[in-house]
Structures are given as structure tokens and as C-alpha cells.
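Colleague: So that we are looking at the same thing, I have put the structure below in C-alpha cells.
No value in this document is a laboratory result; all are computed from the given coordinates. None of the values given here were measured: they were computed from a predicted structure. All Cβ positions, even for glycine, are placed from backbone atoms using ideal geometry, and neighbour counts span all protein chains on display.
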Amino acid sequence: MIDFGNDTMTDIDRMIGADSELRLLLGEVRSRFDSDSAHDIGHLKRVAAWTVRLAGDGVRSRLCIAAALLHDVVNIPKTHADRSRASERSADVARDLLPRLGFAPPDVTLIADAIRDHSFSRGAVPESALGRALQDADRLEALGVIGTFRCIATGVRFDAEFFHATDPWASDRPLDDARYSVDHYFTKLLKLPATFHTLGGRTEAERRAGVMRALLESLALEIDQPLTRVVG
């Protein structure tokens, strides 16, 4: 496994640049990608870096990168009725596209299955080391500073408020993360670390969740609303 050190994005760019099939794949993804600020090329490359790291020596890095580049190639909005099928449709793109770029059939199946099973909304537990690493890597993007940026950006996209003005911690109301972005911390985000498969992924997830808990505690001070909800 590559020792990424402190420069993971540079390593991913270098590996893509040195692999003609990955270069073509990135070009195809760019041409098909319906991106938003929470799902952009930077997101794909960060997921690639962590997938390589978490998969370890048992999975070739180029397969990790290919899976990461394609995992959100069909980006269905979270409020859409077909949201749970986004990963299946992305897997279908992988099965169609990868053979034409020179990927061997067994590798195509491994990558497509990992993509199909990675999403939170589908609720699947991946069977392969690649699938587990991809799922963990993608879930890391929902946590920490980046996770906070992505949560707020998605909420703004769908006209959600940052938090409920008089009951920010949902002490006397049901949680509603479609209307209030901070509610999403409690409905999903702070529960994610317990779902991780890899030791390295869970360790990093716990660190990032700590960042989010500290942010909520700071928010409580700034709005003079003591934090009443347990956040782990």
C-alpha cells in the first residue's frame, strides 16, 4: 500500500496521470458528472485517497480509484424518490463503461458491486474489501469539517434553515433534517462512526465526529441555547 504521508491528493493525481485507463475514466466522469458543491471532483478524489488507504494491500490501488471516481457518477438529489437507486445506476454505468476502457471482466464486477453497495440509503453491507473500504471512505466525507460544509451546502440547496430558532436541539419537537440542517447531525451524521467496517476508517470517523460535537457545543454557546441532546 502506498504511504500517502500528508499529500494524499497529490498521490491520487499522480496515479491517475500514470495510468492511461484511469485518465480516460476521469475524463468520462467529468463529461457525465452532474456535480454540486457536496459532490464534486474533489469529493471523488478524497474518497479515492481514503479507499486506497483503507483497502490495504489486498486491493489494487487502480481499482480503488476507479470505484471512487464512479461511485457518484449518477447523482440523484437526496429529496428525489429514486435516491436509493443512485448507487445501482452508478454501478450500471461502471459495468457499461469500464470494459470499453480496457478493464478486465473480474475487475469490472468487483468495482460495480462495490459501487452498488456503498450508499447509505441502500442500507447494504458490502461483501468485498473494496466495497467496505469504499463505503467507509465515502462516509468519512459526511463527517468533520468537510462533512459540516457538505451538510450545510446540501441544506441550502434544498432551502433548509441552519437550525430551529427557538428549539435548535429538538427538545420539544420531532427532528426534521429536511427543514433544519443541524437536525441532520442527530438523525444520521453522529451515528455514522458505529457503521464503519475498517479499523482505520472508524478511528478517523471518531476523530471527525469529535470535531462535529465540538462545533455543536460552540454553537450552543453562541446562540445561548444549552445543548440538551446527547451527541455521543
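Colleague: Averaging the inverse of every distinct alpha carbon separation and then flipping it gives the Kirkwood radius. What is it for region 8-129, in angstrom units?
Modeller: 14.4
Colleague: Highest first, please rank the peptides 23-32, 136-145 by the mean number of other Cβ atoms sitting within 10 Å of their residues.
Modeller: Values: 23-32: 15.6, 136-145: 22.6.
Per-residue Cβ counts within 10 Å, averaged per peptide and sorted highest first, yield 136-145, 23-32.
Colleague: Which shape class applies to the chain: rounded if a/c is under 1.5, otherwise prolate when a/b exceeds b/c and oblate if not, where a ≥ b ≥ c are the square roots of the Cα gyration tensor eigenvalues?
Modeller: Prolate is the answer for the chain, as a/c is 1.5 or above and a/b outweighs b/c.
Colleague: A further question follows. Enumerate the calculated ³J(HN,Hα) couplings along region 170-187 in order (Karplus 6.51 cos²θ - 1.76 cosθ + 1.60, θ = phi - 60°), each rounded to whole Hz, writing x wherever the residue is Gly or Pro.
Modeller: Computed from phi, the couplings for region 170-187 are 6, 6, 10, 8, x, 4, 8, 6, 6, 9, 9, 5, 4, 4, 5, 4, 8, 6 Hz.
Colleague: Mind pulling the angle between the C-alpha long axis of helix 144-157 and the longest principal axis of the chain? Nearest 10 degrees, somewhere in 0 to 90.
Modeller: Orientation of helix 144-157: about 80 degrees from the principal axis.
Colleague: Under a 10 Å cutoff between Cα atoms, tell me which one of Gly42, Gly131, Gly147 has the largest fluctuation in the Gaussian network model of the chain.
Modeller: Gly42
Colleague: Compute the long axis of helix 129-140 from its Cα atoms, compare it with the longest principal axis of the Cα atoms of the chain, and write down the angle in degrees, 0 to 90, nearest 10.
Modeller: On a 0 to 90 degree scale, this one is about 40.
Colleague: Relative to the longest principal axis of the chain, what angle (0 to 90°, nearest 10) does the C-alpha long axis of helix 86-100 take?
Modeller: Tilt relative to the chain: about 20 degrees.
Colleague: OK, next. Within 10 Å, count the other beta carbons around each residue, average over each peptide in 205-212, 50-57, and list them highest first.
Modeller: Working: 205-212: 18.5, 50-57: 22.9.
Ranking, from highest mean packing down: 50-57, 205-212.
Colleague: Evaluate E = 1/(1 + (r/R0)^6) for Arg173 and Thr203, where r is the Cβ-Cβ distance and R0 equals 41 Å; express this FRET efficiency to the nearest 0.05.
Modeller: Details: r = 34 Å, r/R0 = 0.84.
Once rounded, the FRET efficiency stands at 0.75.
Colleague: About the Cα centre, and with charges only on the beta carbon of Lys, Arg (+1) and Asp, Glu (-1), how big is the dipole of region 8-129? Nearest 20 debye, please.
Modeller: Dipole magnitude for region 8-129 comes out near 120 debye.
Colleague: How big is the Cα convex hull of region 144-222 in projection, averaged over all directions, in nm²? Numbers along the way, then the final one.
Modeller: Details: hull surface 21.6 nm².
That works out to 5.4 nm², a quarter of the Cα hull's surface.
Colleague: Pop a pseudo-label 7 angstrom from the Cα along the beta-carbon direction at both Ser218 and Glu127 and give the gap in nm to one decimal.
Modeller: 4.5
Colleague: Could you work out [θ]222 nm for the chain from helices alone, using -39500 (n - 2.57) per DSSP H run of at least four and dividing by all its residues? Round to the nearest 500 deg cm²/dmol.
Modeller: Values: 10 runs with 131 residues, N = 232.
After summing the helix terms and dividing by residue count, I get -18000 deg cm²/dmol.
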